[in-house]
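Chemist: What follows is a structure written as structure tokens; I'll ask about it next.
The values are calculated or read from the model by the stated rules, or taken from the named source; none is laboratory data. Since we're looking at a predicted model, the values are computed, not measured. Don't worry about glycine lacking a Cβ; one is built from the backbone with ideal geometry, like all the others, and counts go over all protein chains shown. Ligands, DNA and RNA are excluded from the accessible area calculation, which covers all protein heavy atoms including side chains. Shrake-Rupley method; radii C 1.70, N 1.55, O 1.52, S 1.80 Å.
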Amino acid sequence: MKNILITGGAGFIGSHLVRLMVNKYPHYNIINLDKLTYAGNLENLKDIEDSPNYKFIKGDICDTALIPKLLRDNKIDGIIHLAAESHVDRSIKDPFAFANTNVIGTLNLLQSAKNYWGEAGKEGFEGKLFYHVSTDEVYGSLEQEGTFFTEDTKYDPHSPYSASKAASDHFVRAFHDTYGLPVVISNCSNNYGSFQFPEKLIPLFINNICNNRALPVYGKGENVRDWLYVEDHAVAIDLIFHKGKTGDTYNIGGFNEWRNIDLIKVMIKTVDRLLGRPQGSSDSLITYVTDRAGHDLRYAIDSTKLNKELGWSPSLQFEEGLEKTVRWYLDNKEWMERVTSGDYQAYYEQMYNR
Ligand code: NAD
Ligand code: DAU
């Protein structure tokens with residue numbers, strides 16, 4: 001495959017994937033389509049923006065005129081689809097935005113790919129692939145320790161975000177089963193690392209600790225998330241894109257569960273140490289606030305299939321990854337300042353006082 005469309009490449013995970021693909025495959029043309037919503041930031045890709053095998057197109061995946069033309073003009077052979085509205089709290093405030101981008105946008109991409117690749121009949125699908133990047137949140141919430149989401153876990157989404165991702169996954173499988181479109185889906189756990197928009201737990205809290213601002217812990221802080229370093233996710237996507245079985249689903253996760261409050265205490269210790277503050281000086285920033293509506297208790301991914309079939313495993317221990325991540329945000333204060341504009345803060349405040 002030569003011409004690869006990556007959607008949402010200016011976002012957090014997308015920018016890491018674009019960087020990996022541009023650098024690793026100089027013989028591929030990597031086309032990054034992104035609407036540049038509040039979460040899209042071309043500064044995330046400064047280091048590769050002049051690469052001869054990279055092109056950026058600003059556009060909306062819901063645009064029914066743009067997508068078919070883009071696929072044809074760029075002779076796209078493979079699509080890796082990450083563009084989405086991705087923040088659960090925003091989905092509670094504005095579910096329609098999530099249905100539009102995550103469901104209708106995915107459907108538009110599927111239909112456009114089917115029409116373009118299928119022009120020459122079913123043979124046109126040979127060597128083509130539609131890779132849909134999804135989330136573990138579609139599986140719902142786990143109660144007990146020791147149980148995991150596998151690829152066979154029944155879908156049970158609870159937030160408008162996860163419902164929209166579940167709907168998009170169903171459409172992807174429907175296009176495979178009905179039209180024979182070559183697809184693959186991966187469902188990944190919580191990512192952390194550089195370039196994550198500071199509305200998500202880890203960058204928000206690192207930034208707040210640095211600025212002596214309150215750390216809003218939802219509920220009792222007992223919810224559990226399974227954290228994976230973002231570059232390990234990008235490596236897994238590359239592997240599945242090239243070696244995954246068409247029609248299959250792969251779970252991606254690092255067997256790395258943390259209760260929110262325990263993770264927050266490690267973040268506080270790490271930031272204080274790296275800033276040379278006395279240990280414990282930021283502990284009082286912890287502020288328990290009203291819980292997120294429909295807050296899933298626990299996510300935990302079983303990624304045995306990906307490990308056994310394709311040999312993937314995470315490269316970093318969590319302590320090492322978190323330290324690297326904290327250092328990155330401390331070393332890139334300008335990036336943080338530019339993304340935390342007044343507008344964004346106002347929007348966040350409003351959500352926060354719900
Ligand atoms: P993000 O919010 O950081 O980035 C999303 C990107 O999509 C942004 O660049 C944004 O501008 C773009 N976008 C949004 N709407 C668009 C539209 N209509 N048309 C074109 N571009 C649009 O998200 P992320 O955290 O990088 O997540 C990327 C994908 O991975 C999403 O599909 C998400 O569901 C999935 N995922 C995320 C995580 C995680 O922990 N962040 C874990 C598992 C799966
Ligand atoms: O599991 C994968 C998912 O992980 C992705 O599909 C989503 O796109 C991504 O946003 C993430 O969802 P979460 O809701 O788990 O991530 P978030 O960073 O918003 O929250 C992590 C946990 O921390 C969650 O239990 C809620 C809690 N939290 C979050 C924020 C922002 C707080 O206690 N306080 C906060 O201010």
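Chemist: Going by amide H atoms built from the backbone, whose H comes under 5 Å of the H on ASN3, apart from near neighbours?
Modeler: Result for ASN3 returns ASN29, ASP77, GLY78.
Chemist: Quick one: with all protein chains in place, what share of the accessible area of the stretch 1-157 is carbon or sulfur, to the nearest percent (1.4 Å probe)?
Modeler: Accessible surface attributable to carbon and sulfur in the stretch 1-157 totals 52 percent.
Chemist: For LYS122, go through the aspartates and glutamates and keep the ones whose alpha-carbon is under 17 Å away, minus same-chain ones fewer than eight residues off.
Modeler: Once the sequence-local aspartates and glutamates are set aside, what remains near LYS122 is ASP77, ASP177.
Chemist: Which of the trypsin sites (Lys or Arg not before Pro) found in the stretch 221-313 are loop residues per DSSP with 15 or fewer other Cβ atoms within 10 Å of their Cβ?
Modeler: On the way: sites: ARG225, LYS243, LYS245, ARG259, LYS265, LYS269, ARG273, ARG292, ARG298, LYS305, LYS308; in loops: LYS245, ARG292.
For trypsin sites (Lys or Arg not before Pro) across the stretch 221-313 that sit outside H, G, I, E and B with at most 15 neighbouring Cβ atoms in 10 Å, the list reads LYS245, ARG292.
Chemist: So, one more: If you add up the charges near SER282, with Lys and Arg at +1 and Asp and Glu at -1, over every other residue whose beta carbon is less than 11 angstrom from its beta carbon, what do you get?
Modeler: Details: positive: ARG213, LYS265, LYS269, ARG273, ARG277; negative: ASP272, ASP283.
Taking every Cβ under 11 Å from that of SER282, the sum is +3.
Chemist: Relative to the Cα centre, what is the charge dipole magnitude of the chain, using +1 at the beta carbon of each Lys and Arg, -1 at the beta carbon of each Asp and Glu, and rounding to the nearest 20 debye? Walk me through the numbers before you get to the answer.
Modeler: Values: 38 positive and 47 negative charges, 91 e Å.
So the dipole magnitude of the chain works out to roughly 440 debye.
Chemist: Another question about this same structure. With all protein chains present and a 1.4 Å probe, how do ASP50, ASP77, ASP238 order by accessible area, largest first?
Modeler: So the residues, ranked largest to smallest area, are ASP50, ASP77, ASP238.
Chemist: In nm, to one decimal, how far is the ILE261 label point from the ALA120 one, both placed 7 Å along Cα→Cβ?
Modeler: If labels sit at ILE261 and ALA120, their model points lie 6.1 nm apart.
Chemist: Something else about it: Quick one: of LYS93/LYS305; LYS154/LYS308; LYS220/LYS265; LYS128/LYS154, which pairs are farther than 25 Å apart, Cα to Cα?
Modeler: LYS93/LYS305; LYS128/LYS154
Chemist: Need the list of lysines near LYS58 for cross-linking: C-alpha distance under 17 angstrom, and skip anything on the same chain fewer than eight residues off.
Modeler: The reachable lysines, counting only those whose Cα sits under 17 Å from LYS58, are LYS35, LYS46, LYS69.
Chemist: Follow-up. Between ASN100 and SER284, what length in nm is gained on full extension when 0.36 nm per residue of separation is reduced by their alpha carbon distance?
Modeler: 62.2 nm
Chemist: Can you give the angle from 0 to 90° between the axis of helix 160-179 and the longest principal axis of the chain, with both taken from C-alpha atoms, to the nearest 10?
Modeler: Helix 160-179 and the main axis of the chain meet at about 20 degrees.
Chemist: How much accessible area per residue does the chain have, in Å², with a 1.4 Å probe?
Modeler: I get 43 Å² per residue for this part.
Chemist: Count neighbours as other Cβ atoms within 10 Å of each site's Cβ, and list the trypsin sites (Lys or Arg not before Pro) in the stretch 152-195 that are DSSP loop with at most 10 such neighbours.
Modeler: Answer by residue number: LYS154.
Chemist: Using the alpha-carbon atoms, what tilt in degrees (0 to 90, nearest 10) does helix 260-274 show relative to the longest principal axis of the chain?
Modeler: With both axes taken from Cα atoms, the answer is about 70 degrees.
Chemist: Cα axis of helix 106-117 to longest principal axis of the chain: angle in degrees, 0 to 90, nearest 10?
Modeler: 30 degrees
Chemist: Take SER341, SER315 and sort them by solvent-accessible surface of the protein heavy atoms, 1.4 Å probe, largest at the top. Could you put the intermediate results ahead of the total?
Modeler: Details: SER341 50, SER315 90 Å².
Largest to smallest exposure gives the sequence SER315, SER341.
Chemist: For the chain, what value does the Rg/Rh ratio take when both radii are computed over Cα atoms and Rh is the Kirkwood radius, given to two decimals?
Modeler: Looking at the chain, the ratio lands at 0.96.
Chemist: Something else now. Per DSSP helix of 4 or more residues, -39500 (n - 2.57); summed, then divided by the residues of the chain. What does that give at 222 nm, rounded to the nearest 500?
Modeler: -12000 deg cm²/dmol
Chemist: On to the next question. Got a number for carbon plus sulfur as a percent of the stretch 231-271's accessible area, 1.4 Å probe?
Modeler: Summing carbon and sulfur atoms, their accessible area is 50 percent of the total for the stretch 231-271.
Chemist: Shifting gears a bit: Which whole-angstrom value gives the distance between the alpha carbon centres of the stretch 274-326 and the stretch 53-109?
Modeler: Using only Cα atoms, the two centres lie 28 Å from each other.
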